[in-house]
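What follows is a set of notes on a single structure, which appears directly below.
The values are calculated or read from the model by the stated rules, or taken from the named source; none is laboratory data. This one's a predicted model, so the numbers in the text were calculated from it and none came from an experiment. No Cβ is skipped: glycine too gets one built from the backbone with ideal geometry, and neighbour counts run over all protein chains shown. Accessible surface areas use protein heavy atoms only, side chains included; no ligands, DNA or RNA. Shrake-Rupley method; radii C 1.70, N 1.55, O 1.52, S 1.80 Å.
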Amino acid sequence: MAWREDRVRFWAAIARGVKTEDACAEARVSGPVGFRWFRHAGGVNPCLPLVVSGRYLSFVEREEIALLRAQRAGVREIGRRLGRSPSTISRELRRNASTRTYRLDYKATLAQWHAERRGRRPKIAKLAGNDRLREYVQDRLSGAVHSRDGTTVLGPAAPKWQGRGKPHRGDRRWVQGWSPQQIAKRLPVDYPDDESMRISHEAIYQALFVESRGALKRELVACLRTGRALRVPRARSRQKAWAHVTPEVVISERPAEVEDRAVPGHWEGDLLIGLERSAIGTLVERTTRFTMLIHLPREDGYRHKHTVKNGPALAGYGAITMKDALASTITTLPEQLRRSLTWDRGKEMSAHAQFKIETGVPVYFADPQSPWQRGTNENTNGLLRQYFPKGTDLARWSAEEIAAVAATLNNRPRKTLDWKTPAEALNEQLLSLQQAGVATTG
């Protein structure tokens, strides 16, 4: 059984931005219990106090009562030791007994459960007690869209709300969709003299998110602009998505020789993203603009009913899959042409430290929202969209087919190379490296 102290520890961990499964471990409760707490509360912290008022018996006192009762101490003796009235002890033993037989047995855990169950006094939500206010809020949230002549515009047929997640690249139901803040601020304008028609936007949010409130149907969260079924704790929303980027691997730590493009072997990389989480990896050498494409097929079991929950990413560009595919591609180059790699802050490069150990190529990450720091790669991706347009499934192409596209791009003359092709420019660099090696040996 889990008690108030467990829930307090759980929500304190959530407030710090800890993941739900880690908060369960910190509160010493099972995963299903913690996830059920989070789901029933809609992600809203109930702000439970650590201890109840001294007017009521605590769990520690109930444990002491159970021990003294096992030693056959009387109610007056127990009350004297705890500093409580004998009638309080007698009433506790009678109300919260673990059995209902002639001889009442008393266990602290069951007594605490009985006390917390009886102690719940949920306040009736304002929306639940005011029908007119509830209808006003529901109409502004989920009301139909009308044309100028007043006819209803149905919009697309949206999928059934499943109670979790949020809409992603799919049709959504067309509704008025006022935000809770718009509704709360509009009420004084529409009802200036009716004080009963007042509610805060936070109360509307909690009526949507918190299951126990019961004033508004949970399905109405789909009418919010985000469509999010659970509130994201504030500390989580502030967390950075690129925790894998440490100060040692930011672009400012990249060698200065990369900037002038005089030394070959410095690469820029990114992903071309298509439908159904398909992708193709791109590598572009900064000096010669030579392009290499990385085949990233979907893993076995992708979107299969037997997919392992919380298992490895199967879309083709998970961290481990990406690291292996990138390493096998870049190690085909001579060591002199493997000096560094600059990437954006995508999670697909979370295993960059292991990639550096395996290949010897250091990885540097561009600043957030700064595509110009990888301008060569961004320009190349624009050229590749001629062959791999947005909104298409990129997983249908084989490794041979994308290699043919890379060869086509590498044999196209480039103005920045004085009308040489990237393949010719790379060949010149290889010849110069070989001659430098022969001269050094001689």
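Run down the aspartates and glutamates and flag those whose C-alpha is under 14 Å from the C-alpha of LYS126, throwing out any fewer than 8 positions away in its chain.
Filter leaves GLU135, GLU195, GLU202.
If ligands, DNA and RNA are left out, what is the accessible area of VAL232 with a 1.4 Å probe, given in Å² to the nearest 10?
Spelled out: VAL232, probe radius 1.4 Å, area about 60 Å².
Assign unit charges at the C-beta atoms only (+1 for Lys and Arg, -1 for Asp and Glu), then state the dipole size of the range 54-158 relative to its Cα centre in Debye, rounded to the nearest 20.
Working: 24 positive and 11 negative charges, 148 e Å.
Taking the Cα centre of the range 54-158 as origin, the dipole is about 720 debye.
Of LYS185/LYS240; LYS160/LYS240; LYS323/LYS347; LYS323/LYS420; LYS123/LYS217; LYS19/LYS217, which ones are farther than 22 Å apart at the Cα?
Values: LYS185/LYS240 32 Å; LYS160/LYS240 32 Å; LYS323/LYS347 11 Å; LYS323/LYS420 32 Å; LYS123/LYS217 18 Å; LYS19/LYS217 27 Å.
The answer is LYS185/LYS240; LYS160/LYS240; LYS323/LYS420; LYS19/LYS217.
At most 16 other Cβ atoms within 10 Å and a DSSP loop assignment: could you name the trypsin sites (Lys or Arg not before Pro) in the range 358-430 that fit?
ARG385, LYS390
Where does helix 399-410 land angle-wise versus the long Cα axis of the chain, in degrees 0 to 90, nearest 10?
Approximately 50 degrees, to the nearest 10.
Report the label-to-label distance for LYS415 and SER196 in nanometres (one decimal), using points 7 Å from each Cα along the Cα→Cβ vector.
The modelled label-to-label distance comes out at 7.3 nm.
Among LEU93, SER398, ALA15, whose Cα lies farthest out toward the positive end of the dipole of the chain, if unit charges sit on the beta carbon of Lys, Arg (+1) and Asp, Glu (-1)?
Of the candidates, LEU93 comes out farthest on the positive side.
Angle check, please: helix 319-330 long axis (alpha carbons) against the longest principal axis of the chain (alpha carbons), in degrees 0 to 90, nearest 10.
Here the helix axis deviates by roughly 10 degrees.
For the range 110-212, which GluC sites (Glu not before Pro) pass both filters: DSSP loop (anything but H, G, I, E, B) and at most 13 other C-beta atoms within 10 Å?
Values: sites: GLU116, GLU135, GLU195, GLU202, GLU211; in loops: GLU195, GLU211.
Filter output for the range 110-212: GLU195, GLU211.
To test your reading of the geometry: what angle, between 0 and 90 degrees and rounded to tens, separates the Cα axis of helix 108-119 from the longest principal axis of the chain?
In the chain, helix 108-119 runs at an angle near 90 degrees to the longest axis.
Excluding ligands, DNA and RNA, what is the solvent-accessible area per residue of the chain at a probe of 1.4 Å, expressed in Å²? Intermediate values should be presented prior to the final figure.
On the way: 26200 Å² over 442 residues.
It amounts to 59 Å² per residue over the chain.
If you average the C-alpha positions of the range 186-209 and of the range 393-433 separately, how far apart do those two centres end up, in angstrom?
So the two Cα centres are separated by 62 Å.
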